[in-house]
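> Dropping the structure in here first, questions after.
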Amino acid sequence: MSNTPDNAIALSGMSGWKHSLLSCFDNFGICALTFCCPCYIAGKNAQAVGENCMFHGALTCCEPAGAYSRAYVRAKIQEKEGLPADFVSNFLIHLTNPCCAMIQEYKQLGGTLPVPKKPAAAAAAAAEPAANAEAPATEEVQRT
């Protein structure tokens, strides 16, 4: 690999990406999740480009095969997004800075953390006090 400006841009993680490689600290939730459970984000990235979520998620914990797998998925993301791809650069990025690389890919694909939904019974119970608070006021208005 030569030291051309194109290689420097590729190794920086930019070259058309919406977020820089080091913008991984911008969203604490995604950063913490990726650091604590990288297999989840790696699997979601793979799933977003039509690859097997479980396979790539599990493989991400076995280095250097995990770096190879993540570099492969990164190349597929670059292909999908119309970004220039270089497998060697992708592999080096994932060997040296895997968490930030996975976060950059996740954000490129529009990934956000899932928001837990309230169960229907809890949502109804939360809405019930508000409805009861309004009911007496209506009755008082009707009496006068």
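> Just to verify a result, which residue in region 67-85, among those that are more than 20 Å from residue 34 (Cα to Cα) and in contact with a Leu (Cβ under 9 Å, 6 or more places away or on another chain), is surrounded by the fewest Cβ atoms within 10 Å (Cβ to Cβ)?
80
> Can you say whether residue 34 is crowded, with 19+ Cβ neighbours inside 10 Å and touching a Phe, Trp or Tyr at 6+ places or on another chain (Cβ under 8 Å), as far as the supplied structure shows?
Considered against the rule, which asks whether it is crowded, with 19+ Cβ neighbours inside 10 Å and touching a Phe, Trp or Tyr at 6+ places or on another chain (Cβ under 8 Å), residue 34 comes out as yes.
> While we're on this one: For region 86-100, give me each residue that is of a type in the set (A, V, I, L, M, F, W, C), within 14 Å of residue 32 (Cα to Cα) and out of contact with any Leu (no Cβ under 6 Å at 6 or more places or on another chain).
Result: 99, single match.
> Sticking with this one: Give region 43-73 a look and list any residue that's closer than 18 Å to residue 85 by Cα and in a helix (DSSP H, G or I), or say none.
45, 46, 48, 67, 68, 69, 70, 71, 72, 73
> Count, please, the residues in region 17-38 that happen to be under 12 Å from residue 105 (Cα atoms), more than 12 Å from the chain's Cα centre (by Cα) and in a helix (DSSP H, G or I).
Final tally of qualifying residues: 1.
Rule-based calculations on the coordinates, nothing more; no lab input. The structure displayed is predicted, hence computed values, not measured ones. Glycine also receives a Cβ, built like all others from the backbone with ideal geometry; neighbour counts cover every protein chain displayed.
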